[in-house]
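Beneath this line is the structure, given in structure tokens, with notes to follow.
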Amino acid sequence: MPKVNPKFEKFVNMSKEEIEEYLKDFKPYFESKRHKYFVNINGIMFPIVQVVALVCGLSPLEISSGQAYSLVKRKGFEIIERGKEKE
């Protein structure tokens, strides 16, 4: 297993269900055209970077979309690309 950046340990150590529970009272921050990837958590579309930032207590500026994509995907969340949502 690859070594995990310490700033992401909290995310890595939580289950998918724990992440969903943790985020139940959060709302996504404003949506912008720069957000390309989203994840549906509790029926709400969150930018993937925001999901990792909220769980880890980080600023979204501290996380690349590539890092977030990898972390979120490994937890088993379906990543939805803007413009390619299922009908």
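Within the set Lys3/Lys24; Lys10/Lys75; Lys7/Lys75, which residue pairs have Cα atoms separated by over 20 Å? Beyond 20 Å between Cα atoms: Lys3/Lys24. Once Kirkwood radius over Cα pairs in Å is calculated for the structure shown, the corresponding label among [x] 13.6; [y] 13.1; [z] 14.1 turns out to be [y].
How much length is gained on full extension from Glu78 to Lys16, taking 0.36 nm per residue of separation minus their Cα-Cα distance?
21.2 nm
Only helices enter the 222 nm calculation for the chain: every DSSP H run of n ≥ 4 contributes -39,500 (n - 2.57), and dividing by all residues gives -9500 deg cm²/dmol, rounded to 500.
Pairing the Cα long axis of helix 65-74 with the longest principal axis of the chain, what angle in degrees results, from 0 to 90 and rounded to the nearest 10? Result, in degrees: 80.
Pairs of Cα atoms nearer than 8 Å and 6+ residues apart set the relative contact order; for the stretch 9-69 it is 31 percent.
Here, each number is a calculation from the coordinates, and none is a lab measurement. The structure presented is a predicted model; accordingly, all values stated were derived computationally and were not measured.
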